[in-house]
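Colleague: Sharing a structure here in C-alpha cells format.
Laboratory data are not the source of any read-out in this text; all were calculated from the coordinates shown. Here the structure is a predicted model, which means the values were calculated and not measured. FYI the Cβ positions are ideal-geometry reconstructions off the backbone, even for glycines, and counts take in every protein chain you see.
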Number of protein chains: 2
Amino acid sequence: MERIVRVNTRTGAIEASPVPAEMERLGGRQLIAHTMRAEVSPICDPLGRSNRLIFAPGWLGGTSVATSGRLSIGGKSPLTGGIKEANVGGEAGQKLARIGVRALIIEDAPKTSEPRTLFLSQNEMKWVDSSPLTGCGVWETLARLRERFGSHCGLLVIGPAGEMRMAAAGVATTDPNGIQVRYAARGGLGAVMGAKGIKAIVVDDRGGEIVRGADPDGLTDTSRRFAEALLADPKLEGRRKYGTSGIVATANELGLLPTRAFSAGSFEAIDEISGAKLAETIAARGGDGRSGTPCMSGCVIRCSNVFPDANGVRKVASLQYENIALLGSNCGVETLDGIAELNALCNDLGLDGIEMGCVLGVAMEAGLASFGDVEAAADLLRQIGEGTPLGRILGQGAVFTGRALGIARVPAVNGQGIPGYDPRALKGNGVTYVTSPMGADHTAGNAFGTRGTINPLSPEGQPENSRALQIRSVLLDSSGLCLFARGPLVAEPNLLADLVGGRFGGDLSFADLARGAAETLEVERAFNRAAGRSDETCDVPEYMRTESLPPHGTVYDVDREEMLKVWKMEPSTTKF
Amino acid sequence: MERIVRVNTRTGAIEASPVPAEMERLGGRQLIAHTMRAEVSPICDPLGRSNRLIFAPGWLGGTSVATSGRLSIGGKSPLTGGIKEANVGGEAGQKLARIGVRALIIEDAPKTSEPRTLFLSQNEMKWVDSSPLTGCGVWETLARLRERFGSHCGLLVIGPAGEMRMAAAGVATTDPNGIQVRYAARGGLGAVMGAKGIKAIVVDDRGGEIVRGADPDGLTDTSRRFAEALLADPKLEGRRKYGTSGIVATANELGLLPTRAFSAGSFEAIDEISGAKLAETIAARGGDGRSGTPCMSGCVIRCSNVFPDANGVRKVASLQYENIALLGSNCGVETLDGIAELNALCNDLGLDGIEMGCVLGVAMEAGLASFGDVEAAADLLRQIGEGTPLGRILGQGAVFTGRALGIARVPAVNGQGIPGYDPRALKGNGVTYVTSPMGADHTAGNAFGTRGTINPLSPEGQPENSRALQIRSVLLDSSGLCLFARGPLVAEPNLLADLVGGRFGGDLSFADLARGAAETLEVERAFNRAAGRSDETCDVPEYMRTESLPPHGTVYDVDREEMLKVWKMEPSTTKF
C-alpha cells in the first residue's frame, strides 16, 4: 500500500500513514511544493526545527516507464531562502516508490548533533547507528553502507559539508553498481539533511513491487510507445557517446561558456575539455573508463560515464557539462584531469559542483588561487572538508564567499550560483534565473535547447520562452522522468498525459498537466513571497548589466518589467 | 548658502548645488529616506555602484539649539539589506551644517580600492591623498587627521573593518577634544563608506556660520526655553553621573540584560559592571578618567565618560550601556576592564560594538572562546582587523557568523544583531525589532523607557507602544536632537514644532511633525519592500519563541499578526 512516511528527528518517531486524498495525485516537485506550502512556515530558519526535508518520487516513480525513477528532494533552501526542489537520478527514488513511499517527510531537528542513519524497507522503518560514518566522505560512506546493507539497497547520503550545514552541500546517491555518484546538488539540501541529523537513508526494496498504476494495461502500452520513441530519438547516439559534455564545444561557440570568473564566454583551451576530448580520453585510457553507462536500472539513454585517471583507475563518475564549465573553464582549468580532480573532491565532500565552481571563481578573483591552478583550488576545497575558517566561508556558496572576501562580482541570482550558461549570451536563462522560484538553476527552465528558435543574444521573446521551459521543467521534475527523455514528449505532449493517466486513472490531456504545472509554480512563488523572496526584488548580478561579455560584447539587457511578464502569460496547453 | 554636495567616487567630481525645493524642509533620517527612495534602486548591491551614502544633519543642525548637532548617516545596509540610518553625536554634523551642507551624497564606486580622504570647507571641496592612513586604526586615523588638518575640523572616518567592507563596520567621529570615539555604528554603513573608497571626511567649518533659521528670534526664544527645560529635567543628574550605563542594573533587575549568548536576562556579576561601579571606578582611578563629559560642544546633558585603566590612562571613551550589555554580560565578561578592552578594540577597528557582542556570543556558543575569557575574545576581534578568514566571518555580523559556524541560536532580526534588550523580557522591543525599517536597533523605538506604563513581559499593548516610539525615533533622528533631549519634548510636544517652525518658517504643530514622521516610516518601508525586505516575512529568532528566558521564564509571544498592526494605527497627533 502506498504511504506517506513521516520521521520526527526530535522524538525519533517514524510513522507511516495512507496517502491522504489531497496528495493522491501528487508527485515529485509538485508534491514538495504543495506540502511545503501546507506544512512549513515560509519564514522558518532553513536549518531550524520548522523546516522539512521531503523526498518524493515522481508521478511515474516505481513504474516500469523508462527513466521514471528520478527522485525529488525539497525543503526551504539555506542558499536561496526560498523553496527548493533538487532532482536526482540513481536508484533510491525508484526503490522508495517500490516500497510504497509516495513521500518521506523529515520533520523537526534533533537536540544532539551526532548524525544517524535511517533504514526503510517494505516492512521495517528504523534508525540504525552510523556513528563510524560521522565525518566520512561520500564515496566511503556509500561503499560502507553497500557493504553493510547489501548492494541491492538504494542510498541517500551527505558528506562532511552537509554535516557542517554548509549551504553548498548536496544529497548524494548512486547507481545500481555503486560506481556513479549522483547529486541532488542545488540549493543546499545537504545542509538541511545535516541539520536534521541524518547522515544516510538506506532503502531496501526487497519485497517491494513495481507500481502498476490505476490502468496497468494502458500504462504498459503507453510505456512501450514511450520507450520506442526514446530509442528512436535522433539525439540518443550523441547522448550515449558524450553525455552532457556534448554541449561543451557548442556552449563555447555560442560564447556563453563561463570562463575565468564569468569574465568571458569562450575558452582558449576548449579542445582540451570538450565532449570529444572526454570520449577520446576515456576510450584511450581504458581500465575503469566507460562512456554510455546508465545512472538507473534499465535506462536506455545511458548518458553517464566513468572518467579514469592516466592509469585507468576511476577518478570521477560522471564528468558532466555543468562541472566541466564551472570547475573547468570558469576556473581557467585547462585539462580534464584537473577538472576531474576538483569534481571528485566536490563529490566526496558532498558539495554542489556548480556552486563550488562559482565559489572558486570568486576566490580566484580575490587572489586566493590563480586561474588554472588546480592544486591551489583543490587545497581550497579540502579546507571545506576540514572545516577551517576559510573552508567554512567557501562551503556556504558564492554569495557568502563574495561578501567575506569583499568581491562584488558574484555570479549568483537569488542567492544561488549561476550554472554553465552566462545570461549575457543566453538571455532566456537570465529570465529563468531571476523568475524561477528555484533561483539560478540549470534545470528550472534552460533555454540552451531552444537556441535555434530564439536568438540567445537578443532580449526579444525570452520571457515567453522561459515561461514555456519553466512549465516543462515542472512537468519533468514532477513526473520522475529524466530531462533527456523529453524528446518524445515534445513530439507528442499527450504521451505524458497518457502515462500519468495510466498511473493515476482518468482521461487526462496535456492541457490538464500544463495547468497543473502552472499552479505548482504559483504555489512555489507564494511560498517564496511569504518567505520574503520575490522575482520583483531580484535581478541578474549588477555587473552583468554593465560589464560586457566577450566574444559577443553583450550585456544582460532584458528589462526587469519584461521578465516579470513570465507570470502574466497563460501556459501553452498544447506545446511541451 | 545651503547646498547639497554630491561626490562621484568614480569620476572624482565634487559638486554643490542649491537645496532643491523638494528637499527644502528635509533633514536627517527623513532626508535620507526620501533621497534613497528617489535616487537608489532598492535591489542594488549595498556595496556596489548604485548605492549611495548620505550624510545629513538634522532639521536643527547648525543652529544654537542644544544637542542639535547629531548627524544622520544612511544608505542601503549590507547587514539588513534594507534602508539604514545611523545617528551619531560628536562635532562633524554641526560643522557640516555650519558650512551650509544640508546633505552630502556619495555616489558610485571607484575602480581602485585605495581609499581617499574628502576635505570640505566653506570655500573648498577636494580630495586629499591619505594613503598612509590605509589600514590604520580609528584612533590613530583621528589623531593624524587632527594633527594634519587642525583640531577645529570635524572628522568622519572608518577603520580597517570598513576598508574590508565588513557588514559590522561603522563610521566613527569624535568630540571637540578628540577624546571620544563616537559611532554611527549600526547597519554596516562603514562598509558602504569603504566600498565608496573613502577612508575619512574632514569638515573644516572656519568661515561657516550658525544657522539662524527662517525666524531667528522665534528660534532663539524657543531654543532658550528648550535649554531651560533640559536643565530642569529630573533625569539630568543621573545621566551626567552615569551616562547610559545608569540602566545596566535596572536592565538586570528587569531580567532583560543579554547574558551569555542571550541565554539569560540577568547576570550574577552585575555589581561589577553596573553604572555605579563605572562611576566609582572612574572617580577612584583619576588620571584621564572623567564622568559627565559632552560629545558635542555646548551639550548640557554630558552623558559621556572616559574610562581609564588601572594607571589612569584613557582606555575607552565612552563606555556605554549597549556595549556593557553586549560585550559584557552577553559574553560573560565580569569586569569593566574586560569590557573596556573589547570595546576599545571594536572602536579602533571600526566595528559596531553591539553587533560584535552578538557575534562573540555566537562564537562562544560555537566553542571558539569560553564565556568570560576576555583575552580569547580580544584575539577574535584582532583577527577581524587582520582580515584572517575567521576574522572575515566575524566581521560580517552575527547572522553570517552563525551560518558559517553552524549555530542556529543567532540573536538577530532582519539581519542585524539584537541590542541590549532581550525581547522575551521587553516585548515592546521585539515589536520594534521586527517592524522597524531599521531592523533590530536600539534607537528605532526602544520600549525600555516606557516599562513603567506597559508591562514589559506581557504581549498586550506592545504594538501601540512601539508605534508611538517609532514615530518619536524618526522625529529625534530627523531633527538632529539627542535621544536624551526628549524629556522637554515629551512634556510639551509643540516645543519641537516651534523649533522646526523657527528653523524653516511656518506655523507648525506637533501633529504636522507626527504625520510627517509616519510618512517617513512609510517611505522607508516602501524602500524595504522593493528591496525584498518586509516585516511580513520577519520574526524574532525562532529560539526566542520556544526557549524561555530566565529569570522570568518567558518566551516571546507577541503574535506576528498583532505586530503588523503597528502599521494600521494612526500616529498620535498630541503625544511625543
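Colleague: I need the shape label for chain A. Rule: rounded when a/c is under 1.5, else prolate if a/b > b/c, else oblate, with a, b, c from the alpha carbon gyration tensor.
Modeller: Working: a/c = 1.29, a/b = 1.14, b/c = 1.13.
Judged from the Cα gyration tensor, chain A comes out rounded (a/c under 1.5).
Colleague: Using only the Cα atoms of the range A:230-349, build the gyration tensor, take square roots of its eigenvalues as a ≥ b ≥ c, and label the shape rounded, prolate or oblate: rounded if a/c is under 1.5, else prolate if a/b is larger than b/c, else oblate.
Modeller: oblate
Colleague: Dipole of the range B:3-204, Cα-centred, from +1 at each Lys and Arg C-beta and -1 at each Asp and Glu C-beta, to the nearest 20 debye? List each step's numbers first, then the result.
Modeller: Working: 25 positive and 17 negative charges, 48 e Å.
The calculation lands at about 220 debye.
Colleague: Which chain A residue sits with its beta carbon nearest the axis carrying A onto B, and how many Å away is it, rounded to a whole number?
Modeller: A:389, 2
Colleague: Given chain A, what percent of its DSSP beta bridges are antiparallel, to the nearest 5? Before the final figure, lay out the partial values.
Modeller: On the way: 41 of 53 bridges.
In chain A, DSSP labels about 75 percent of beta bridges as antiparallel.
Colleague: In addition: As a test, work out the antiparallel percent of DSSP beta bridges whose residues both lie in the range B:20-108, rounded to the nearest 5.
Modeller: Working: 13 of 13 bridges.
In the range B:20-108, DSSP labels about 100 percent of beta bridges as antiparallel.
Colleague: Applying the Karplus parametrisation 6.51 cos²θ - 1.76 cosθ + 1.60 with θ = phi - 60° to the phi angles of the range A:108-117, what ³J(HN,Hα) value in whole Hz is obtained for each residue in order, glycine and proline being reported as x?
Modeller: Result, rounded to whole Hz: 6, 8, x, 6, 9, 9, 5, x, 10, 10.
Colleague: Report ³J(HN,Hα) in whole Hz for each residue of the range B:414-422, in order, from the Karplus equation J = 6.51 cos²θ - 1.76 cosθ + 1.60 where θ = phi - 60°; Gly and Pro get x.
Modeller: Using θ = phi - 60°, the values come out as 6, x, 10, x, 6, x, x, 9, 5 Hz.
Colleague: Here is a further query. Put the label 7 Å from Cα along Cα→Cβ for residue A:231; what are its distances to the other copies, in nanometres, shortest first?
Modeller: Here residue A:231 shows inter-copy label distances of 10.2 nm.
Colleague: Rounding to the nearest 20 debye, state how big the charge dipole of chain B is about its Cα centre with +1 on each Lys and Arg Cβ and -1 on each Asp and Glu Cβ.
Modeller: Values: 60 positive and 67 negative charges, 201 e Å.
The calculation lands at about 960 debye.
Colleague: Can you compute 3J(HN,Hα) from phi for each residue in the range A:121-133, using the Karplus curve 6.51 cos²θ - 1.76 cosθ + 1.60 with θ = phi - 60°, rounded to whole Hz and x for Gly and Pro?
Modeller: 3J(HN,Hα) across the range A:121-133, in whole Hz: 9, 4, 10, 9, 9, 7, 8, 10, 5, 9, 4, x, 7.
Colleague: I've got another one for you. Near the amide H of residue B:316, under 5 Å away, which other amide H atoms are found, from residues 5 or more places off or on another chain, if H is placed in the peptide plane?
Modeller: Residues meeting the amide H criterion: B:307.
Colleague: What does the charge add up to near residue B:116, with Lys and Arg as +1, Asp and Glu as -1, over the other residues with Cβ less than 12 Å from its Cβ? Mind showing how you got there, number by number?
Modeller: On the way: positive: B:126, B:196, B:199; negative: B:114, B:129, B:163.
Taking every other residue near residue B:116 into account, the sum is 0.
Colleague: Which of the peptides B:484-495, B:248-259, A:311-322 is most tightly packed, and how do the rest follow, judged by the mean count of other Cβ atoms within 10 Å per residue?
Modeller: The packing order, highest mean first, is B:248-259, A:311-322, B:484-495.
Colleague: Here is a follow-up. Beyond a 20 Å Cα-Cα separation, which of these cross-linked pairs lie in this structure: A:126/A:199; A:84/A:126; A:76/A:575; B:241/B:277; A:277/A:315; B:111/B:196?
Modeller: Working: A:126/A:199 14 Å; A:84/A:126 27 Å; A:76/A:575 31 Å; B:241/B:277 11 Å; A:277/A:315 16 Å; B:111/B:196 10 Å.
Over 20 Å apart, Cα to Cα: A:84/A:126; A:76/A:575.
Colleague: Something else: Tell me which of A:443, A:509, B:446 sits at the most positive position along the dipole axis of the protein assembly as shown, charges placed on C-beta atoms (Lys, Arg +1; Asp, Glu -1).
Modeller: Result: A:509, furthest along the dipole toward the positive end.
Colleague: How many nanometers, to one decimal and shortest first, lie between the label point of residue B:143 and those of its other copies, if labels sit 7 Å from Cα toward Cβ?
Modeller: Residue B:143 label point versus its equivalents elsewhere: 6.0 nm.
Colleague: Where a ≥ b ≥ c are the square roots of the eigenvalues of the C-alpha gyration tensor, would you call the range B:92-152 rounded, which needs a/c under 1.5, or, failing that, prolate if a/b is larger than b/c, or oblate?
Modeller: Details: a/c = 2.01, a/b = 1.18, b/c = 1.71.
Taking the square roots of the gyration eigenvalues as a ≥ b ≥ c, the range B:92-152 is oblate.
Colleague: Please give the residues of the range B:164-199, grouped as numeric ranges, whose backbone N is less than 17 Å from a label point set 7 Å along the Cα-to-Cβ vector of residue B:129.
Modeller: B:199
Colleague: Considering only B:256, A:298, B:42, whose Cα is most displaced toward the positive end of the charge dipole of the protein assembly as shown, charges sitting on Cβ of Lys, Arg (+1) and Asp, Glu (-1)?
Modeller: B:42
Colleague: Which one, B:178, B:155, B:30, is farthest towards the positive end of the dipole of the range B:3-204 when Lys and Arg carry +1 and Asp and Glu -1 on their Cβ?
Modeller: B:30
Colleague: If neighbour count is taken as other Cβ atoms inside 10 Å, put B:520, B:117 in order from fewest to most.
Modeller: Values: B:520 27, B:117 22.
Least to most surrounded, the residues fall as B:117, B:520.
Colleague: Can you sort B:565, B:196, A:111 so the residue with the fewest Cβ neighbours within 10 Å comes first?
Modeller: Values: B:565 16, B:196 27, A:111 8.
Least crowded to most crowded, the residues run A:111, B:565, B:196.
Colleague: Additional query: For residue A:144, put the label point 7 Å out on the Cα→Cβ axis and report which residues of the range A:182-222 keep their amide N under 20 Å from it.
Modeller: A:182, A:190-191, A:193-204
Colleague: Defining the label point at 7 Å along Cα→Cβ, can you sort the distances from residue B:123 to the same site in each other copy, shortest first, in nm?
Modeller: Shortest to longest, the spacings are 9.9 nm.
Colleague: Rounded to the nearest 5, what % of DSSP beta bridges with both residues in the protein assembly as shown are antiparallel? Don't jump to the answer; show the numbers that get you there.
Modeller: On the way: 82 of 106 bridges.
Just about 75 percent of them are antiparallel.
Colleague: In peptide B:396-407, what is the residue-averaged number of other protein chain Cβ atoms found within 10 Å of each Cβ?
Modeller: Working: counts 4, 1, 0, 0, 5, 1, 2, 12, 13, 5, 11, 2.
Average neighbour count from other chains, rounded to a whole number: 5.
Colleague: A further question on this structure: State to the nearest 20 debye the size of the charge dipole of the protein assembly as shown about its Cα centre, where the only charges are +1 on K and R beta carbons and -1 on D and E beta carbons.
Modeller: Values: 120 positive and 134 negative charges, 37 e Å.
Taking the Cα centre of the protein assembly as shown as origin, the dipole is about 180 debye.
Colleague: With runs of 4+ DSSP H residues as the only contributors, calculate the mean residue ellipticity of the protein assembly as shown at 222 nm using -39,500 (n - 2.57) per run, divided by the residue total and rounded to the nearest 500. Each step should come with its number before you reach the end.
Modeller: On the way: 44 runs with 433 residues, N = 1152.
Rounded to the nearest 500, the figure is -11000 deg cm²/dmol.
Colleague: Taking the Cα-to-Cβ direction at residue B:512 and at residue A:17 and moving 7 Å from each Cα, how far apart do the two end points lie in nm?
Modeller: 6.2 nm
Colleague: Can you give me the relative contact order of chain A as a percent, contacts being Cα pairs under 8 Å and 6 or more apart? Before the final figure, lay out the partial values.
Modeller: On the way: 1460 pairs, mean separation 91.3, N = 576.
Result for chain A is 16 percent.
Colleague: What is the order of A:433, B:242, fewest Cβ neighbours within 10 Å to most?
Modeller: Ordered from fewest to most neighbouring Cβ atoms within 10 Å, A:433, B:242 come out as B:242, A:433.
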